[in-house]
Amino acid sequence: MIENIFPALYILAAASFILAIKWMNSPVTARRGVIIGEIGMLLAVVGTLLRHEVVNYEWILIAFFLGTAIGVPIAYIMPMTAVPQRTAFSHACGALASALIGTAEYYRHMPHGFSMGALVLETLLGFLTFTASLMAFGKLQETLPTRPITFKGQNFVNLGVFAAAAIVGILLVISPERMWLFPIFTVLSLVFGVLLIVPIGGADMPTVIALLNSYAGLSASAMGFVLNNKLLIVAGALDGSSGFILAVIMCRAMNRSFSNVLFGAFGTIQVAAKQSSERPVRSASPEEAAEILDAARSVIIIPGYGMAVAQAQHKLREMFDVLSKRGIDVRFAIHPVAGRMPGHMNVLLAEADIPYDRLFEMDDINSDFPRADVALVIGANDVVNPAALNEKNSPISGMPILHAYEARTVMVVKRSMNPGFAGIDNELYYLEKTLMLFGDAKAFVGSIIKELNAAVASR
Amino acid sequence: MTSYEIAIWVFMLSAFLGFELIRRVSPLLHTPLMSLTNAISAIAVVGAILITGEKDASTLSRTLGFIAVVASVTNVVSGYLITDRMLKMFKKRGPEKK
């Protein structure tokens with residue numbers, strides 16, 4: 001009797017996951033989505049624990065305890081600026097889990113035929129995503145150099161390692177009895193994961209994170225094929241397609257292809273472009289900036305990764321309040337690839353309590369720039385570079401950008417004239433109407449607020 | 001239909017369902033979406049439990065299964081909690097400012 005409950009529990013769990021993602025389409029229902037997702041997970045876990053094959057509970061309980069002990073502090077202590085790192089870390093955990101289960105399954109049953117094919121795919125994706133995510137984590141945490149690392153023949157080496165892993169994998173599918181091949185296969189997959197991320201620079205992280213998300217999901221889905229478990233297939237496929245779509249959106253927002261992101265090694269080509277940085281720019285003090293903002297009617301703020309680094313979002317919120325109180329229309333323009341992961345800026349601005357109906361997507365706000373009095377760029381660079389539209393041979397040519405240059409006045413908060421992550425010179429800085437505000441973003445916005453308040457007091 | 005065929009059907013349909021659902025998610029919520037799908041794909045915990053809790057599991061598979069349970073429970077717990085923590089921050093403009 002009780003055996004009949006499990007399939008029902010699994011079906012309910014799968015339905016809950018689908019609803020959870022469906023409700024993520026709006027901030028109003030999203031939290032409901034999380035709750036139904038939790039319920040689904042609970043059903044799945046309970047349904048599994050009650051299965052008659054599961055008899056030995058002590059290790060499972062210890063593992064539950066350990067996992068909770070690690071997971072809860074991560075969720076509560078971690079600052080919001082570290083969200084990309086945490087995401088990379090959890091891709092690594094998920095991929096490791098499914099790779100290890102695949103490995104255990106191989107030594108346990110040594111499946112043949114179709115199952116073995118799925119198992120090879122599961123462990124390949126699992127192991128490569130594991131090391132790749134750890135590398136991404138290191139780069140985001142800046143324990144590893146964030147600049148892309150390239151060497152001669154890199155693509156050749158990478159493809160060679162991948163081909164070797166694929167060949168060993170195929171041999172294993174043909175005859176799983178060749179057990180000595182399995183450790184080689186594991187090592188090759190792990191190494192390929194590392195090589196995959198070595199040439200990736202910070203600006204490409206949003207795409208790569210999304211792609212790793214997809215791989216981790218596909219690996220879980222492949223596990224479903226191995227264990228003949230439909231719930232795993234469904235949940236893994238949802239995750240896999242989610243990561244894939246996000247990666248496609250990111251690529252489109254940079255006008256680049258997958259292969260270009262993975263094998264293009266951005267940042268090496270533009271060394272020649274850096275020479276022109278000697279040109280004159282106009283700079284301004286916080287006082288002048290405050291005056292211009294005070295006189296404006298419409299201000300569009302463009303945040304980028306630099307805002308996250310400087311932790312300027314809370315100061316920005318203060319400025320937002322001061323300006324809004326004076327009846328100035330303040331909006332935020334968010335480029336899809338601003339930051340280090342999809343949606344990164346939105347989370348930081350939401351954390352600073354900026355209402356989400358003030359955050360606008362690129363396509364919705366670009367036509368408003370000509371009517372904006374001020375475009376204030378904070379820690380963004382390539383996403384406002386007009387070279388993407390004008391210069392045919394620029395590395396970012398064709399990338400859709402925020403049309404900040406169309407605003408009446410452009411202000412750019414920037415630490416120095418060093419080119420951004422992509423290492424490309426930005427024409428925007430040399431325009432007649434552009435004012436460079438040199439300094440730390442948080443401190444500079446702080447002094448603008450002070451000047452704004454002082455202006456009121458003296459009136 | 002063999003069980004493999006059914007499995008492939010299930011995969012194909014859920015992948016398309018996934019595409020349709022995710023396409024409707026506003027870019028505003030892409031970060032929480034990613035941490036939610038991450039938590040959901042920690043459903044790998046099901047496979048990990050089956051391997052760890054088996055009657056005569058070898059030391060190897062019990063060890064691997066154990067690590068897998070720890071890794072996926074970490075993802076489940078931190079994934080759901082942090083998604084909720086993020087979503088709590090998304091507020092509309094309060095009535096006092098209108």
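Every number in this text was worked out from the coordinates using simple rules, so none of it is lab data. This is a predicted model, so every value here is computed, not measured. Every residue, glycine as well, gets a Cβ built from its backbone with ideal geometry; the counts of neighbours run over all protein chains shown.
Placing R0 at 51 angstrom, the Cβ-Cβ distance between residue A:107 and residue A:450 gives a FRET efficiency of 0.20 after rounding to 0.05.
Once a ≥ b ≥ c are taken as the square roots of the eigenvalues of the Cα gyration tensor of region A:1-155, is the result rounded (a/c under 1.5), prolate (a/b larger than b/c) or oblate (a/b not larger than b/c)? Oblate, since a/c reaches 1.5 and b/c is not below a/b.
Basic side chains Lys and Arg get +1 at the Cβ, acidic Asp and Glu get -1 at the Cβ, and with that the dipole of chain A about its Cα centre reaches some 220 debye. Within region A:80-263, all pairs of alpha-carbon atoms sorted by distance into 5 Å bins from zero give the percentages 1, 9, 17, 20, 20, 16, 10, 5, 2, 0.
When you count the other C-beta atoms within 10 angstrom of each residue and take the mean per peptide, B:23-30, A:64-71 line up highest first as B:23-30, A:64-71.
By its C-alpha gyration tensor, with a ≥ b ≥ c as the square roots of the eigenvalues, how is chain B shaped: rounded for a/c under 1.5, else prolate for a/b larger than b/c, else oblate? In terms of gyration-tensor shape, oblate. Can you give the relative contact order of chain A as a percent, counting alpha carbon pairs under 8 Å and 6+ residues apart? Once normalised by length, the contact order is 14 percent.
Rounded to the nearest 20, the Cβ-based charge dipole of region A:363-459 about its Cα centre (Lys and Arg +1, Asp and Glu -1) stands at 400 debye.
Per DSSP H run of n ≥ 4, the term is -39500 (n - 2.57); total these for chain A, divide by its residue number, and report the mean residue ellipticity at 222 nm rounded to 500 deg cm²/dmol.
About -19500 deg cm²/dmol.
Measuring between alpha carbons in the structure, the pairs from A:139/B:55; A:22/A:442; A:315/A:433 lying more than 32 angstrom apart are A:139/B:55; A:22/A:442.
Only one residue of A:57, A:35, A:5 has its Cα farthest out toward the positive end of the dipole of region A:1-77, where Lys and Arg carry +1 and Asp and Glu -1 on Cβ, and that residue is A:35. Peptides A:308-317, A:149-158, A:372-381, A:85-94 ranked from most to least packed by the mean count of surrounding Cβ atoms within 10 Å: A:85-94, A:372-381, A:308-317, A:149-158. Computed from the C-beta positions of residue A:438 and residue A:181 and an R0 of 60 Å, the FRET efficiency is 0.55 to the nearest 0.05. Gyration tensor analysis over the Cα atoms of region A:275-458 returns equivalent ellipsoid semi-axes of 24, 19, 15 Å (largest first, whole Å). Highest-first packing order for the peptide set B:65-75, A:287-297 is B:65-75, A:287-297, based on the mean count of other beta carbon atoms within 10 Å.
Taking label positions 7 Å along the Cα-Cβ direction at both residue A:55 and residue A:279, the computed distance is 7.7 nm, reported to one decimal. With Cα atoms defining each centre, region A:353-416 and region A:130-195 are spaced 38 Å apart in the structure. Computed over all pairs of different Cα atoms, the Kirkwood value for the hydrodynamic radius of region A:1-77 is 14.1 Å.
Provide the convex hull volume over Cα atoms per residue for the protein assembly as shown, in Å³.
On the way: hull volume 81.5 nm³, N = 557.
Convex hull volume per residue, Cα atoms: 146 Å³.
Between residue A:258 and residue A:311, the distance separating the two model label sites (each 7 Å from Cα on the Cα→Cβ line) works out to 3.9 nm.
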